[in-house]
Structure formats: C-alpha cells, structure tokens
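Undergrad: Starting off with a structure, shown below.
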Amino acid sequence: MLQVKNICGGYGTTPILKDISFQVEKGTFLGILGPNGCGKSTLLKIISGVLKPSLGKILIDDKELATYSNRELAKTMTVLPQLHGAAFSSTVRETVSIGRYPHQKGFFSQWSEEDEYAVNQAMVQTGVKRYENAYLENLSGGERQRVFIAQALAQSSQLILLDEPTNHLDIAHQQQILDMIRKEVTDNGLTVVSVLHDINLAALYCDELLLMEKGQVRAFGKPHEVLLENQIADVYGAQISLQAHPEQPKPQITILPEIHEPLKDGKITLNHIQIQEEYVELRSQFPLRVLSSAVHNAGLGWYENFINRTVKPEYNIENVQEEYTQYLYKAGFSPTNTVGMMTAVEARKAIIKQYETPFGEVYVIVTAGIGGAIDVSKTYEREFPIRIGTINIWVIMNAKLSDEAFVQAMITATEAKTKALQHERVMDYQTNTIATGTPTDSLLIAATQTGDYMQYGGPITPVGKIVGRGVFEATTEAIRNYQKGE
C-alpha cells in the first residue's frame with residue numbers, strides 16, 4: 001500500500017530525515033514513535049506531500065506520490081494534521097462534510113446518499129453526532145479533535161495519516177477513537193499511519209511500530225520486536241520496566257522514577273500480625289509487593305493490608321467478590337489496598353512462625369482445613385461437589401525479591417506444603433491416596449522490597465531454604481491443630 005524509499009529531507013538546507021525506508025501493507029496500523037524533535041511529524045508531512053523530500057520517493061499502490069493529481073490523492077489518502085484552525089465559523093456537520101469534497105464531480109455536483117451516509121457514519125463513530133449543529137468554536141479541544149477525525153473518516157480513503165489523533169482527549173475518548181480506528185483497519189482493510197505520543201497506546205493498537213531517533217529509523221517491526229527495555233531507555237533517555245498487557249499479548253512500559261518516595265518503615269515485625277475473632281490480619285504502614293492466589297486482589301501488586309477471614313462452611317461463593325468488598329469496608333479495610341483470603345478454620349488456630357535469616361526476618365502464617373483434602377493426580381476420578389477444605393499460607397519477608405524469586409518462592413512453598421501433607425499422612429479418602437492439598441488452597445508471598453536483593457527463590461537458595469522449612473513446619477503444626485478440633 002505505502003512504500004517509503006530512502007527518504008531524506010526537512011526544512012531548508014539542513015536535512016532532518018536521513019535515509020528513511022519502510023513499507024506498510026494494506027490493512028495495517030503503523031504507529032510512529034520517538035522523542036520530541038526526532039522527525040516524526042516531518043516524516044508524516046513528506047508522506048502526505050506537504051513537504052518534498054530532497055532524496056528518495058514515496059509510492060502509494062506502486063505509484064509515485066508526485067504523479068497523483070490533487071483529487072486522486074485526496075481520494076486515496078486522508079491527512080489529519082496535529083493542529084487545526086478554522087478560517088471561518090462552521091458547524092460540526094459542515095466541517096465533517098468537507099471530507100466528501102474529493103468525491104464531488106464538477107461544480108454543480110449533487111449531494112448523494114453515499115455522501116450523507118459517510119458523514120453520518122463518521123459522526124456516529126467518533127461520538128460527535130449530538131454536536132452536529134454546534135459551532136466548532138463552542139466545543140472543547142478534545143471535541144474539536146474528534147470532529148476532525150470524523151472529517152478524515154468521511155473522506156473514505158484507503159490510507160489515513162494521523163498526527164497524534166488522541167491529543168487533548170481523555171482516556172475514555174482515547175479508547176473510543178483508537179477502538180474505532182482499529183475496527184476500521186480490521187473490518188474494512190483501512191491502512192493507517194499515525195504519529196503517537198503514548199507508547200503504551202501504540203503498542204496496544206498498532207500492528208507495527210516505527211521507532212525514530214535523530215531523524216533515522218532505530219527499529220521497525222511488531223510491538224514486541226521494537227519495544228525492548230534497553231532500546232526504549234536509550235532512545236528516550238528514561239528508565240522503564242516492560243511488562244505484558246493483562247489481557248492482550250502486547251508489551252506495556254512503566255516509567256521508573258529516579259526519585260522514590262521514602263518508606264515510612266521498611267520492616268515487618270510480629271506486632272504487625274494479629275489474630276482477631278473473625279480473621280488473621282497483617283496491617284502495615286507501607287506497601288509490600290505481593291504475589292498471591294487470594295480471593296480478593298489476587299495476582300501481583302502492592303498492598304498494605306492482608307486478612308485471612310474465617311467463614312462458615314455453608315458460605316455462598318456465588319457473589320464472593322461483592323460480598324468480600326463490603327466485608328472489608330465494614331471491617332475498616334480499604335478494598336483496593338487489601339489482599340483477602342477465606343477459610344472455614346477458626347482464626348485462633350492459625351500458626352505463626354518467625355525466622356531470622358542473614359537477609360532479614362521471615363514470617364510464615366498458615367491455617368489448614370483438610371476436611372476436603374485431595375490428591376491432585378487423581379482429581380479426574382472424583383465426583384463433585386466435594387467437602388470444604390482450605391490451606392491458606394502467607395510468607396512475609398523483609399527482603400527485596402525479583403519477579404523470578406516471587407514465582408520460585410511460590411513453587412517452593414507449594415512443594416513444602418505437599419511434603420507436610422505427606423508427612424502427616426493426610427489422605428484423599430475417595431482415592432485412598434496421600435493428599436497433595438485441598439480444592440481451594442491459597443498462597444501469598446509478600447516482600448518489603450528493602451534490604452538485600454534476592455534474585456532467586458528456588459529450594460537451594462537462601463530464600464527457598466527458609467520458605468521450604470517455614471511452610472513445612474507451619475503447615476505441619478496447622479494440620480495437627482485442625483485434627484485436634486475435629
């Protein structure tokens with residue numbers, strides 16, 4: 001669809017762009033990224049024909065840009081610049097209707113049903129239909145931006161060039177505009193080349209990315225090929241961390257500030273852990289980094305409060321998220337700052353172990369309800385529903401763990417729990433084999449992220465050794481506690 005071959009050029013005698021080459025296939029959304037002043041907007045102006053390159057050429061559908069007439073080019077390519085100025089007062093509908101100009105034939109051409117449909121559809125897609133009779137000067141900057149995007153869509157060309165189309169838009173309208181553009185690309189084969197300021201939005205919505213640096217191409221390819229931590233840090237001069245988007249297979253970046261807010265207190269002690277009538281709690285004055293399989297706020301995050309709540313065996317789990325949130329409010333916990341587990345075991349039966357290590361204190365807290373213990377290797381033979389049973393484990397460390405160490409510590413803790421069940425001869429009574437857990441076990445690893453940095457958490461590492469010992473000892477004692485009360 002679009003070929004950019006060895007483009008050089010800029011303003012005056014000093015070239016801004018140096019030997020830029022890339023190709024965009026039909027039905028592709030290309031995002032152009034780069035720091036301020038790297039030449040992104042200049043490149044877009046050369047592709048659109050506003051600026052002529054000093055070297056190189058632009059081809060659209062294998063035809064050189066310079067050979068298109070103005071009307072032919074307008075039917076083929078739509079351009080939405082970064083800034084807009086209205087020379088005269090006009091309504092939203094009038095402004096969007098200008099996009100149909102290239103499709104008019106002659107001075108006395110009639111407005112067609114196709115024109116009307118294109119204008120109305122563009123206004124609906126961009127959410128400006130309700131403003132169609134309003135004047136542009138009475139709209140906000142974000143609303144005007146959407147009007148001009150509607151004008152570009154109404155033009156119904158095969159290729160659209162956008163210069164920061166989400167500028168001035170709040171996050172809801174950013175999503176709306178980019179969802180709409182993405183849909184046009186996917187459903188109708190629209191080809192889009194857009195300068196984007198937000199790297200995360202570009203990664204999420206674009207098929208390919210062009211990363212520019214000082215007027216040259218630093219990288220070109222799919223988002224996961226372009227957004228590399230070292231490369232982005234080098235081009236932008238900013239420290240970042242790279243993670244996967246939670247719902248899409250796309251990379252996302254997080255800025256790492258050089259100045260960190262100091263922790264009020266960087267150490268967990270036994271005083272932070274309390275056993276109340278209805279729950280075991282840990283309240284901290286600073287957030288801990290947590291990886292858990294909890295009922296409330298599972299996954300990886302930062303939290304200050306933790307509770308392991310006792311519920312009745314007949315507790316209805318159908319509405320657990322809403323019910324648990326309301327429970328936290330009533331108990332004086334912030335639902336967004338609390339990790340919550342549930343167990344049928346009385347809170348007073350929780351086992352708390354403290355361990356001193358060279359890298360810092362470690363606390364292991366366990367409640368073990370084994371009435372519904374199962375052998376995971378035999379669950380395919382079982383009939384459900386099954387008896388209630390939950391082994392909940394917390395491992396709290398005064399240490400700094402890598403992501404790898406968090407995951408390895410989870411594995412180590414699970415192995416230690418399974419060994420405790422074997423040691424205590426806890427049986428899966430349906431299969432008559434040694435149990436490996438219960439159907440609803442929950443595990444939490446939390447670290448203060450202060451002190452010594454621990455890269456690994458496997459069984460033979462300092463972290464793994466204490467996790468293995470602590471979880472085994474605490475789980476064994478918790479099982480015995482449970483069995484005494486049966």
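Undergrad: Excluding residues on the same chain fewer than 8 positions from K40, give the lysines whose Cα lies under 30 Å from its Cα.
TA: K5, K18, K26, K52, K57, K63, K75, K183, K214, K222, K250
Undergrad: Let me make sure I get this right: for segment 352-440, a, b and c are the square roots of the gyration tensor eigenvalues over alpha carbons, sorted descending. Under 1.5 in a/c it's rounded, otherwise prolate if a/b > b/c, else oblate. Which is it?
TA: Taking the square roots of the gyration eigenvalues as a ≥ b ≥ c, segment 352-440 is prolate.
Undergrad: Classify segment 270-485 as rounded, prolate or oblate, taking a ≥ b ≥ c as the square roots of the eigenvalues of its Cα gyration tensor: rounded when a/c is under 1.5, otherwise prolate if a/b is larger than b/c and oblate if not.
TA: oblate
Undergrad: For the chain, what relative contact order do you get, as a whole percent, if you take Cα pairs closer than 8 Å and at least 6 residues apart?
TA: Contact order relative to length: 12 percent.
Undergrad: Lysine pairs in segment 294-425 8 or more apart or on different chains: how many have alpha carbons under 23 angstrom apart?
TA: Within segment 294-425, the lysine pair count is 9.
Undergrad: Between E258 and D170, what FRET efficiency follows from the Cβ-Cβ distance if R0 is 35 Å, with the result rounded to 0.05?
TA: Result of the calculation: an efficiency of 0.80.
Undergrad: Follow-up question, since we're still on this one. Along Cα→Cβ, 7 Å out, is where each label goes; now give me the distance between the ones at E225 and S402 in nm to one decimal.
TA: With each label point 7 Å from Cα toward Cβ, the separation is 2.8 nm.
Undergrad: Which whole-number percentage describes the relative contact order of segment 2-237, with Cα contacts under 8 Å and a sequence gap of 6 or more?
TA: 29
Undergrad: Okay, next question. For the chain, which DSSP H helices look membrane-span-like by this rule: Cα extent along the axis of 18 Å or more and mean Kyte-Doolittle of at least -0.5?
TA: Within the chain the helices that satisfy the rule are 141-154, 403-423, 462-485.
Undergrad: Let me ask you something else. Over the Cα atoms of segment 2-237, compute the convex hull volume and normalise it per residue, giving Å³.
TA: Enclosed volume per residue, from the Cα hull, is 133 Å³.
Undergrad: According to the Cα gyration tensor, what semi-axes, each the square root of 5 times an eigenvalue, does the equivalent ellipsoid of segment 137-226 have, listed from largest to smallest in whole Å?
TA: Each semi-axis is √(5λ); the values are 23, 16, 12 Å.
Undergrad: Just want the answer: with Cβ charges of +1 for Lys and Arg and -1 for Asp and Glu, which residue in A399, Q231, L159 is farthest toward the dipole's positive end in the chain?
TA: Positive-end residue among those listed: Q231.
Undergrad: Quick check: residue separation of Y380 and N188 times 0.36 nm, minus the Cα distance between them. What number comes out in nm?
TA: Answer, rounded to one decimal: 64.5 nm.
Undergrad: Now a separate question. When the label point is put 7 Å from the Cα of D62 along its Cα-to-beta-carbon vector, which residues of segment 1-18 have a backbone N closer than 16 Å?
TA: The answer is 1-4, whose backbone nitrogens lie closer than 16 Å to the label point.
Undergrad: Describe numerically, in nm with one decimal, the distance between label points set 7 Å from Cα along Cα→Cβ at Q23 and at V320.
TA: According to this spin-label approximation, the distance is 5.3 nm.
Undergrad: Write down the percent of antiparallel bridges among all DSSP beta bridges whose residues are both part of the chain, to the nearest 5.
TA: 65
Undergrad: With a 10 Å radius around each residue's Cβ, average the other Cβ atoms per peptide and rank 175-187, 141-153, highest first.
TA: Ranking the peptides 175-187, 141-153 by packing returns 141-153, 175-187.
Undergrad: Hey, another quick one. For the residue pair V124 and A233, what label-to-label distance in nm results when each label sits 7 Å from Cα along the Cα-to-beta-carbon direction?
TA: Placing both labels 7 Å along Cα→Cβ, they lie 4.9 nm apart.
Undergrad: For segment 335-486, give me the percentage of DSSP beta bridges that are antiparallel, rounded to the nearest 5 percent.
TA: 65
Undergrad: Give the aspartates and glutamates reachable from K129 as a straight Cα distance under 15 Å; neighbours fewer than 8 places away on the same chain don't count.
TA: By straight Cα distance, K129 reaches E94, E116, E143.
Undergrad: Follow-up question, since we're still on this one. Report, as a whole number in µm² per second, the diffusion coefficient that Stokes-Einstein gives for the chain at 25 °C and 0.890 mPa s using the Kirkwood radius over alpha carbon pairs.
TA: It comes out at roughly 91 µm²/s.
Undergrad: Give the calculated FRET efficiency between N271 and T14 to the nearest 0.05, with a Förster radius of 56 Å applied to their Cβ-Cβ distance.
TA: 0.25
Undergrad: Taking a ≥ b ≥ c as the square roots of the eigenvalues of the Cα gyration tensor of segment 124-180, is the shape rounded (a/c under 1.5), prolate (a/b larger than b/c) or oblate?
TA: Cα axes put segment 124-180 in the oblate bin.
Undergrad: Placing unit charges on C-beta atoms (Lys and Arg positive, Asp and Glu negative, everything else neutral), compute the dipole magnitude of the chain about its Cα centre in debye, rounded to 20.
TA: 520
None of the figures in this text is laboratory data; all of them are computed from the coordinates on show. Predicted model, so just to flag it, every value in this text is computed and none were measured. Quick reminder, even Gly has a Cβ in these numbers, built from the backbone with ideal geometry, and neighbours come from all protein chains shown.
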